[in-house]
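Data block below; observations after.
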Amino acid sequence: MTASPSAVLVAAEPTLYRAGLVALLHQQWPTLPLTLTADAGQLVDLVRAQLFRVLILDGGLPGRELPALLHHLRQARPGQRLLVLATDGAKTLAAPPQLLVPRHISPSHLAATLAPWLDETPCQPQPLRAPHPAPTRFSRRELEVLRLVVDDRCNQEIADRLFLSVRTVESHRRALLQKSGTRTLAGLVAWALREGMVA
């Protein structure tokens, strides 16, 4: 797998979360080449073979423990710019990466964090938004379902967590798609991240 010298490497499992992250990058930097991997073993080889403008690493990437993976990445290419989207356990790393941000950082804050590395400013920068109360067009329950969809939970997991039937969860997901004007779950996740609906 080759990438241009200006490419960004995104290391995350192929989930709705990654789809939303990729959509955000394409929205802010439409011409930015991306290289995607979900393989922690391949990640070190990719970084050894080429310098990327930035490596965006999902701290929950399976395959290797995060501290060991960071150690191998530093050995492979010490100067590689690295942003880790941290899960709860990654906040206590002994040797943190250059940037360690919460996995559910708002899209506008993530774009602002990446902007110095990915050009002067994103094209059409979004204003930073403070977390805001949910718009009235979504019910409280729909927002709970939306947060779990963005967390890449299946219908059964959402139903179990919220004490609902699977059919009710499906109904809420249909309503979310309709109210957001999106057609797919990936589109819904990208929309939710863009709009700051999840934190």
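The values are calculated or read from the model by the stated rules, or taken from the named source; none is laboratory data. Just so we're clear, the structure is a prediction, and the values are computed from it rather than from any experiment. Reconstructed Cβ throughout: ideal geometry from the backbone, glycine too, with neighbour counts over all protein chains shown. Note: accessible area is taken over every heavy atom of the protein model, side chains too, but ligands, DNA and RNA are not part of it. Shrake-Rupley method; radii C 1.70, N 1.55, O 1.52, S 1.80 Å.
Overview of values
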read-out	value
Of all residues in region 20-38 being in a loop (DSSP other than H, G, I, E, B) and modelled with pLDDT of 90 or more, the one that is farthest from the chain's Cα centre (by Cα)	PRO33
Complete set of residues in region 149-196 that are among the aromatic types (Phe, Trp, Tyr) and outside any helix (DSSP H, G or I)	PHE163
Some residue of region 178-190 being open to solvent by 70 Å² or more (accessible area, probe 1.4 Å), more than 24 Å from PRO14 (Cα to Cα) and either in contact with a helix residue (DSSP H, G or I) (Cβ under 6 Å, 6 or more places away or on another chain) or at pLDDT 85 or above (or both)	yes
Meets criteria (under 18 Å from LEU21 (Cα atoms), surrounded by 14 or more Cβ atoms within 10 Å (Cβ to Cβ), modelled with pLDDT of 90 or more and not charged (D, E, K, R)) for LEU162	no
Which numbered condition LEU128 misses (of (1) surrounded by 16 or more Cβ atoms within 10 Å (Cβ to Cβ); (2) at pLDDT below 85)	(1)
Index of the failed condition, LEU143 passing every other in (1) open to solvent by less than 20 Å² (accessible area, probe 1.4 Å); (2) touching a residue at least 60 places away in the same chain (Cβ under 8 Å)	(2)
Residue match in region 1-18 (condition: among the charged types (D, E, K, R), open to solvent by 20 Å² or more (accessible area, probe 1.4 Å), closer than 21 Å to ALA111 by Cα and not in a loop (DSSP other than H, G, I, E, B))	yes
Any chance LEU85 is among the aliphatic types (A, V, I, L, M), open to solvent by 10 Å² or more (accessible area, probe 1.4 Å) and within 18 Å of THR113 (Cα to Cα)	no
Every residue from region 5-19 that is of a type in the set (A, V, I, L, M) and under 13 Å from the mean Cα position of the chain (by Cα)	LEU9, VAL10, ALA11, ALA12, LEU16, ALA19
Per-region count, region 40-63, residues part of a loop (DSSP other than H, G, I, E, B), surrounded by 17 or more Cβ atoms within 10 Å (Cβ to Cβ) and either without any contact (Cβ under 8 Å) to a residue 60 or more places away in the chain or touching a helix residue (DSSP H, G or I) at 6+ places or on another chain (Cβ under 7 Å) (or both)	5
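Listed here are the residues, each with its yes/no results for (1) touching a residue at least 24 places away in the same chain (Cβ under 8 Å); (2) not small (Gly, Ala, Ser).
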{"site": "ARG18", "(1), (2)": "yes, yes"}
{"site": "HIS26", "(1), (2)": "no, yes"}
{"site": "LEU34", "(1), (2)": "yes, yes"}
{"site": "ALA38", "(1), (2)": "yes, no"}
{"site": "ALA68", "(1), (2)": "no, no"}
{"site": "GLN80", "(1), (2)": "yes, yes"}
